[in-house]
Amino acid sequence: MSSSSCSCSPWGLSTLFLAFLMVASVMVGAYGGNFYQDFDITWGDGRAKILNNGHLLTLSLDKVSGSGFQSKNQYFFGKIDMQIKLVPGNSAGTVTAYYLSSQGPNHDEIDFEFLGNLSGDPYILHTNVFTQGKGNREQQFYLWFDPTKDFHTYSILWNPLHVIFLVDGIPIRDFKNKEAIGVPFPKNQPMRLYSSLWDAEDWATRGGLVKTDWTKAPFTASFRNFQASACIWSSGKSSCGRRRAGSASTAGDGWFDQELDAASQRRLRWVQKNYMVYNYCTDVKRFPQGLPPECLHS
């Protein structure tokens with residue numbers, strides 16, 4: 001893992017960018033969802049709880065078990081938003097996962113994973129994209145804020161040409177459709193949204209060197225304000241019909257053709273310059289036969 005190029009602390013910011021991010025954080029939080037309607041708790045023996053009349057969901061982890069939930073709907077492209085407040089304090093060894101995934105050995109998957117750390121140290125935000133069962137496309141970041149102090153919005157924008165990862169509306173990664181050069185892209189399988197809180201002390205924190213402190217259990221992460229502007233997959237059909245990239249948009253589905261404009265590209269470069277701590281596209285030791293083709297055509 002390479003070190004970040006940021007000369008400041010992981011949560012340090014210039015005054016200008018701090019002002020921008022505060023405005024963005026306000027703009028992206030003004031909606032709500034109901035967890036009773038949108039999700040099923042799938043495991044955890046009572047460790048996952050839906051509270052506040054369906055407007056809050058918490059996942060907990062102790063030494064016996066973690067917990068998780070999944071969306072009732074399957075999605076076939078969409079803009080998915082969730083506000084999450086991560087496990088506070090000494091969260092070393094824990095992982096909070098939030099991702100889209102299909103099923104089967106050749107599954108597609110779009111991952112946010114938050115790797116816990118010792119008290120006072122920043123979380124690592126781990127991202128990955130799987131297509132046809134193959135991943136190995138990891139990028140990792142520090143965040144420019146403490147994600148345990150308050151809720152922040154983590155978004156996946158998935159359309160036929162892009163998978164864009166966003167934090168409080170700020171793009172941190174853009175995985176582009178490069179099928180023209182032989183790179184598979186996740187666009188043939190519907191996916192559900194999943195989340196889980198689980199024990200990964202054998203690898204999550206400093207490669208497994210720092211173990212989970214079970215005296216601090218139970219560990220709890222909180223979720224609210226889910227929103228999906230998406231094509232729903234049901235009975236083998238998409239609610240968006242046969243719409244293709246470049247076709248006329250309708251109200252509310254501008255995400256289908258969305259890509260990063262010049263201002264968003266500048267923010268993406270700023271995040272990647274200052275807060276990226278690992279990029280598979282620069283890991284020449286891992287790929288001695290040559291970097292993956294999408295890395296050479298980005």
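So here's what we get for this one:
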item: FRET efficiency, 1/(1 + (r/R0)^6) with R0 45 Å, evaluated for I181 and N53 via beta carbons; result: 0.35
item: Cα-only Debye scattering, the range 254-298: base-10 log of I(q)/I(0) at q = 0.21, 0.27 Å⁻¹; result: -0.87, -0.99
item: Student exercise, the range 15-296 dipole from Lys, Arg, Asp, Glu Cβ charges, in Debye to nearest 20; result: 400
item: Separation of the E259 and K216 label points, Cα + 7 Å toward Cβ, nm; result: 4.3
item: Lys/Arg +1, Asp/Glu -1 at C-beta; the range 15-296 dipole; positive extreme among S196, I124, P171; result: P171
item: Residues E294, E259 arranged by fewest to most Cβ contacts within 10 Å; result: E259, E294
item: When the convex hull of its Cα atoms is projected in every direction, mean area for the range 15-296 (nm²); result: 16.0
item: Fewest-first ranking of L125, L291, using other Cβ atoms within 10 Å as the exposure measure; result: L291, L125
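Rule-based calculations on the coordinates, nothing more; no lab input. Quick caveat, the model's predicted, so the values are computed rather than measured. All Cβ positions, glycine included, derive from the backbone under ideal geometry; neighbour counts span all protein chains shown.
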